[in-house]
Amino acid sequence: MKKEKVSPDRRIKGITFILFLILLTHSTAPSSILEAGVEKCRSGSTLSKPQPLVLSAVEGLGWGVEGLTSAAHSQSSLKVPIYLKNKEIWVEVAKTPEERTCGLMGRKHLGKDEGMLFIFEKEDYHGFWMKDTQIPLSIAFIDKEGRIVRITDMKPLTLETHNPPQPILYALEMKKGWFSANGLKVGDTLRFSK
């Protein structure tokens, strides 16, 4: 087996991504959305406020706790920055099956340059619908390399399934038209650090 040489830049990006995932893993208190039923999804976010361990980890990463705690909470959820081209986006992260099922259900608005990033355990043809979602959205389907493979608009309160053209590991939901308004297109790459 030939060992591939990894550039220092790529190694740093990998470490940053691993730290990002560790932060997310420890950012919410354990809770089961399914126990509370669909009503919990409809009432807004189910994510909890950051725990002390998360705040110290964020501070250690140089993100600035003040900005994170004051601006990063909307409907009691932790938001983290991600980057597309030169655009910084603050996203809630849906990483568990329960969080992904609820998504943006029951929300009435999204802030400017805010959205939801869905992270899956494995690459697959993950489909999306707009059941109980009141905000018109655009979704970017993103492969394991972070490349956008499809962008499509989704109408609120519909059961139409929106599927990616190939297996994906991520999906990013933003306000309808956000991607085109910001000059983002298929082939652009998602980054977890500047």
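Computed from the coordinates by the stated procedures, all read-outs in this text should not be read as laboratory data. Note that the structure is a prediction, hence the values are computed from the model and not measured. Glycine gets a Cβ as well: all are built from the backbone with ideal geometry, and neighbour counts include every protein chain shown.
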**Report entry** Under-5 Å amide H pairs with D113, H placed in peptide plane, nonlocal only
**Finding:** none
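What does the highest-first list of 183-194, 167-178 look like by mean Cβ count within 10 Å?
Numbers: 183-194: 14.1, 167-178: 20.3.
Output ranking for 183-194, 167-178: 167-178, 183-194.
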Report task. Post the alpha-carbon centroid distance, the range 145-184 to the range 86-116, in whole angstrom. Result -> 13 Å
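Longer than 18 Å from Cα to Cα, which of K122/K194; K131/K176; K87/K194; K131/K155; K85/K108 are they? Say none if no pair is.
Numbers: K122/K194 25 Å; K131/K176 16 Å; K87/K194 10 Å; K131/K155 10 Å; K85/K108 28 Å.
Over 18 Å Cα-Cα: K122/K194; K85/K108.
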